[in-house]
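Pasting a structure here, questions to come.
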Amino acid sequence: MAPPKPANFLARFWQTVRHTQKILFAPTTPLYVKTALVLGLLYCLSPWDVIPEWVPVLGVMDDLALAALLVAWANRMALPDAPPEHAPHDAEETPQR
């Protein structure tokens, strides 16, 4: 059973950020995922953009859209150290023959 989602926006936002951080620093996360997250973050912080920051609205929106897409992508991934929901969690639940 999945944990209940917090009703508060800030709590959900913080939970999303923490999950993305865990995905980024997990040793079993594939290298291409880590690379995409780091390069996306560097792009958002970089002064060189596809749409410069001085362009009203669009200059900031491309960075925010990329950051939102990367975080959403990372949050769709399961944490590598989390056991599957349908698998038994300890040996007592596994039938022995």
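Each reported figure results from applying straightforward, stated rules to the coordinates on display, with no laboratory input. Bear in mind the structure is a predicted one, so any value in this text is a computation, not a measurement. Note: ideal-geometry Cβ built from the backbone for every residue, glycine included; neighbour counts use all protein chains shown.
When Lys and Arg each count +1 and Asp and Glu each count -1, what net charge do the other residues less than 13 Å away from residue 61, Cβ to Cβ, add up to? Each step should come with its number before you reach the end.
Details: positive: none; negative: 49, 53, 62, 63.
It works out to a net charge of -4.
Just add up the charged neighbours of residue 47: K/R +1, D/E -1, any other residue whose Cβ is under 13 Å from the Cβ of residue 47.
Working: positive: none; negative: 49, 53, 63.
Residues near residue 47 contribute -3 overall.
Follow-up. What list of ³J(HN,Hα) couplings, whole Hz, do you get for the stretch 8-22 from phi and the Karplus terms 6.51, -1.76, 1.60, once you set θ to phi - 60° and write x for glycine and proline?
Per residue, the Karplus-derived 3J(HN,Hα) values read 6, 4, 5, 5, 5, 4, 5, 4, 5, 5, 5, 5, 4, 5, 5 Hz.
So what's the projected area for the stretch 22-76, the Cα convex hull averaged over all directions, in nm²?
Numbers: hull surface 15.6 nm².
Taking a quarter of the hull surface, the average projection is 3.9 nm².
Net charge near residue 24: determine it from the other residues with C-beta under 11 Å of the C-beta of residue 24, scoring Lys and Arg +1 and Asp and Glu -1. Intermediate values should be presented prior to the final figure.
Numbers: positive: 18, 22, 34; negative: none.
My count for the surroundings of residue 24 gives +3.
Once phi is turned into ³J(HN,Hα) by the Karplus curve 6.51 cos²θ - 1.76 cosθ + 1.60 with θ = phi - 60°, what whole-Hz value does each residue of the stretch 45-59 show in order, with x for glycine and proline?
8, 6, x, 9, 10, 5, 10, x, 5, 6, 6, x, 6, 5, x
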